[in-house]
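Comments concern the structure below.
What follows draws every value from the coordinates through simple rules; no lab data is involved. Quick caveat: nothing in here was measured; it's all calculated off a predicted structure. Glycine also receives a Cβ, built like all others from the backbone with ideal geometry; neighbour counts cover every protein chain displayed.
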Amino acid sequence: MQSHASIVWWLRIVAAFVIATLVVGGGTRLTDSGLSITQWQPLVGVIPPLTEAGWREAFALYQQIPEYELVNHGMTLGEFQSIYFWEWAHRLVARSIGLVFAIPLAFFWARGMLPGWFKPWGLGLLALGGLQGAVGWWMVTSGLTERVDVSQYRLAVHMTLACVILALAVWLSVRLAGRARCSPVAPGVATLSRLMPFLILGQISLGALVAGLDAGLASDEWPTMAGALIPEGLGLMDPWWINMFENPLTVQFDHRLMGYLVLVVALALAFVARGGGAAGRTSRLAGLVLVQVAIGIATVVWHVPLPLALTHQFVAAVLLWLSVDNATRVVAARRAPLAAATA
């Protein structure tokens, strides 16, 4: 572990930067700021406009897109600057991840500090980071011509890919740290532990659809929706399956159901893991899922206030981190006796 300590901390820092990007990106979406920068300038765009003329040029570009004409017509330059800085901050943090990852990767590689098995994963993560930048711009372009916001489909791809990068960074850090060693666990613990990261990732993807459609405002009731446990209007659109992606009421309903499923699995995992090597981790995971459900309910009931919504997104990312950490260590603990038996 000692020889890889610096690499482990580097990966944790990368994961923390990804979470920061997710939170700032959530703020960008919730404040309708994502279309304020209408050009993709990976290098020049690091610096925001510094002069009055520069700001007016950026504002003029924004005034050419449908969002300005149909939603924000007549906004002042000061109001434009407010939404611009949300999007600029999101892009700045995202670009910083590239440097935070690529420069140490080159250093560790040159010094011969990287295990052989890690190198393909390192290059893969670097490639995913580049792809994420392209996906981000692909998402933005969906709102520059005919729409007044970005496509919820592209937003879901963008957020899901960010979470995949987060999960891989955490997985690699746990493997390198050697913290996967723990007391043996029952088969049921291993199965549920493997399942949890995928359930949380799926719930985050559904949350992206909620954000993209402003579906959090479709109903402000709990435990009912629109006056019923199963509200009317879930299947209004034709074909029926399109409701799961484009009907705000249905999208929020699905997000709620998935949240309940995550909670049930988390509680079941904590129950079957009690008294074993994963008891502490699974109990903390289940406790945080309970907190997350409460935050989600409050977010809906109080009409999606920005601080609560960002907290909801932050906790979701932390849950993904914890679930990947636990699953990696549990799987390693299950394999250790088998490896010893065949040695």
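How much FRET efficiency would the formula 1/(1 + (r/R0)^6) give for residue 50 and residue 138, where r is the Cβ-Cβ distance and R0 is 35 Å, rounded to 0.05?
Computed FRET efficiency for residue 50 and residue 138 comes out at 0.80.
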(message) If R₀ is 35 angstrom, what is the calculated FRET efficiency for the pair residue 39 and residue 221, using the beta carbon separation as r and rounding to 0.05?
(response) 0.25
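If we count every other residue with Cβ under 12 angstrom of residue 248's Cβ, Lys/Arg +1 and Asp/Glu -1, where does the sum land?
Values: positive: none; negative: 214, 246, 254.
Local net charge: -3.
How large is the dipole of the chain about the Cα centre if only Lys and Arg carry +1 and Asp and Glu carry -1, each at its Cβ, rounded to the nearest 20 debye?
2280
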(message) Run the helix sum for the chain: -39,500 (n - 2.57) per DSSP H stretch of 4+ residues, divided by residue count, reported at 222 nm to the nearest 500 deg cm²/dmol.
(response) -24500 deg cm²/dmol
(request) Work from the charge dipole of the chain (Cβ charges, +1 for Lys and Arg, -1 for Asp and Glu, about the Cα centre) and give the residue of 78, 64, 130 farthest towards its positive end. (result) 130
(request) Hey, could you get me the Stokes-Einstein D for the range 89-190, Kirkwood radius over alpha-carbon pairs, 10 °C and 1.306 mPa s, rounded to whole µm² s⁻¹? (result) 99
(message) Can you compute the charge dipole magnitude of the range 84-195 about its Cα centre, using +1 on each Lys and Arg Cβ and -1 on each Asp and Glu Cβ, nothing else charged? Give it in debye, rounded to the nearest 20.
(response) 500
(request) Provide the convex hull volume over Cα atoms per residue for the range 1-179, in Å³. (result) 111
(message) Can you give the log10 of the normalised intensity I(q)/I(0) at q = 0.12, 0.16, 0.25 Å⁻¹, computed with Debye over equal Cα scatterers of the range 195-259?
(response) -0.28, -0.50, -1.07
(message) Restricted to Cα positions, what overall size does the range 181-343 have along the principal axes? Three whole-Å values, descending.
(response) 60, 34, 24
(request) Grab the other residues whose beta carbon is less than 14 angstrom from that of residue 77, score K and R as +1, D and E as -1, and report the net. (result) -2
(request) With an 8 Å cut-off on Cα pairs and a minimum separation of 6 or more residues, tell me the relative contact order of the range 181-343 in percent. (result) 37
(request) Could you tell me which of 204, 331, 283 has its Cα farthest along the dipole of the range 181-343 towards the positive end, charges placed at Cβ (Lys, Arg +1; Asp, Glu -1), taken about the Cα centre? (result) 331
(request) Would you calculate the separation in nanometres between label points at residue 128 and residue 99, each defined as 7 Å from the Cα along the Cα-to-beta-carbon direction? (result) 2.3
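Using the Cα centre of the range 10-152 as the reference point, and only Cβ charges (+1 on K/R, -1 on D/E), how large is the resulting charge dipole? Debye, rounded to the nearest 20.
My answer is approximately 860 debye.
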